[in-house]
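Since every read-out is calculated from the coordinates, none of them should be taken as a lab result. Bear in mind the structure is a predicted one, so any value in this text is a computation, not a measurement. No Cβ is skipped: glycine too gets one built from the backbone with ideal geometry, and neighbour counts run over all protein chains shown.
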Amino acid sequence: MDDLLIIGAGWAGLSAAAFAVHLKPSAKIRLIAQGIGSPIVTPAWLSLLDSAQGDVLESVRDLVTRHPEHPYAKAGVDALRKAVQLFAQIGAEIGLGYQAELPLRNKRVFTALGSQQSPAVLPYGYQGAAIAGAQPLFIGFEGWRDYYPALSGAHFALIAPPIGARPWDLTPTDYARHFDQPHFRAEVARSVKARLNGATSVAFPAVLGLEGHAEVVKMLQDQLGVPVFELPTLPPSVPGTRLYNKLRRYLLDRRVRLQIGHPVRRGVLEGKRVLGVEVAAAGKPQFFGAKAVILATGNLYGGGLFSDDRGRVWEGVFGIPVQHIADRQQWFGVHMLAPEGHAVHHFGVRANAYMQPLGADGAPVAENLFVAGHILAHPMDAPSPFETAEGVALATAYRAVELALMQP
């Protein structure tokens, strides 16, 4: 029997496993997931509250005062602080350079469409944006369909990548693997240097290495003599893939049992306790027992919630009631990219202050079942869940792990 079983390999699930390793190194931890989770489609930075001005944690304290049902209120601001600092510590250990000095303040990052965003904690590749200066040079690759530097800014250049046949057909991860090769990045540096023309920094699409990312960025900065930073591109996200790969290796090195590609069919309960879960396998489902279970399977987009054409929404492992709007016409607003988001993004399960999911009667479904991440409901009048995406995942995962590891 495991001490802790985590369902889901997204931001919350992977973070929960990493936090558990630190909080209780002797614990037997198992993570089971249907597939690779959300990090590989995200920029891999941490959005805690993108609209915050000044100290982000103070802004979150104000948020939970106004919205006591928000996931931040359930986990607590102290859990957010501890989670972000521990995640940054782990991120530094695995070579991705996350930094989370207090007070936390939102940073400036550029996007591929010429706009800016304001996450609070950045991996190494984005940090140069803070010192980009007045004239960053945006670099693209001739014929490549995944990034058009003319959309990023007026000062841009297209270079011919030192690749043989069909360079336009490469994926972002293909380019990242090429950048891991010293001769490739040296040729790129020579091409870019000839095009600097007074640039105060150089921005590349986020493909600067898959394994040797920090080395790639440092070498380019040394060769070009100006700050170098990345811009998030279309999925698959190379920064997110870096994070997933390195976290996976980190967990395996610490004897966490990872089962990716194994759908959890149902939770097994006895009275008010979870005994474990049944996982799809050849022949018949396989049972895995655990002292505590954390459900971190995500929302409708992540596969933790399901819906139908009649407006029903349900959770698929334990049958937990989902807080949602029955009228499907109200799920989405008129404008697809509305800053306030859409009502459907706020749907989720309710939890108490102990991160236990609540049944239809308002009581915990099970005393040793906990929830974390984007499966949690957000108040409809709260900021868009995208503003707090990684922050909610980390804070609720940290608090759920703290409580789950206390189970006898």
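Here is the list for the stretch 275-352: GluC sites (Glu not before Pro) lying in DSSP coil, each with at most 14 other C-beta atoms within 10 angstrom of its C-beta, are E340. Checking every one of the chymotrypsin sites (Phe, Trp or Tyr not before Pro) in the stretch 321-378 against DSSP loop status and a limit of 10 other Cβ atoms within 10 Å picks out no site at all.
Toward the positive end of the charge dipole of the chain, with +1 on the Cβ of Lys and Arg and -1 on the Cβ of Asp and Glu, the farthest Cα among W314, A150, A400 is that of A400.
The ranking of M219, M1, M355, M336 by Cβ neighbour count inside 10 Å, starting from the fewest, reads M336, M1, M219, M355. Pairs from the table (K74/K246; K28/K272; K74/K272; K24/K82; K24/K284; K193/K218) lying more than 25 angstrom apart at Cα are K74/K246; K24/K284.
Based on every Cα atom in the stretch 317-408, Rg and the maximum pairwise Cα distance Dmax equal 14.5, 50 Å.
Peptide packing: for 260-266, 122-128, the average count of neighbouring Cβ atoms within 10 Å per residue gives the ranking 122-128, 260-266, highest mean first. Note on D381 and R190: with the Förster distance fixed at 41 Å, the Cβ-Cβ geometry gives a FRET efficiency of about 0.15. Projecting label points 7 angstrom from Cα along Cα→Cβ for D361 and M336 puts them 4.6 nm apart.
Taken over the stretch 261-366, the percentage of Cα pairs per 10 Å bin, counting from 0 up to the bin with the maximum distance, is 13, 39, 31, 14, 3. Note down the relative contact order for the stretch 185-309 as a percent, whole number, built from C-alpha pairs under 8 angstrom at least six residues apart. About 14 percent, as a whole number. Between R166 and S59, the simple label model (points 7 Å from Cα in the Cβ direction) yields a spacing of 4.5 nm. Dividing the convex hull volume of the alpha carbon atoms of the stretch 212-317 by its residue count gives 194 Å³ per residue.
Run the Debye formula on the Cα coordinates of the stretch 38-125, all scatterers equal and no solvent, and tell me log10 I(q)/I(0) at q = 0.13, 0.20 1/Å. Values returned for q = 0.13, 0.20 Å⁻¹ are -0.45, -1.01. Size check on the stretch 133-226: the Cα extents along the three principal axes, sorted descending, read 33, 26, 19 Å.
Compared with the direct C-alpha span, the chain from Q286 to Q223 gains 17.2 nm at full extension, assuming 0.36 nm per residue. Assuming charge only on the beta carbon of Lys and Arg (+1) and of Asp and Glu (-1), the dipole of the chain about its Cα centre is about 780 debye to the nearest 20. The trypsin sites (Lys or Arg not before Pro) of the stretch 78-142 that meet both conditions, a loop assignment by DSSP and at most 14 other Cβ atoms within 10 Å of the site Cβ, are R108.
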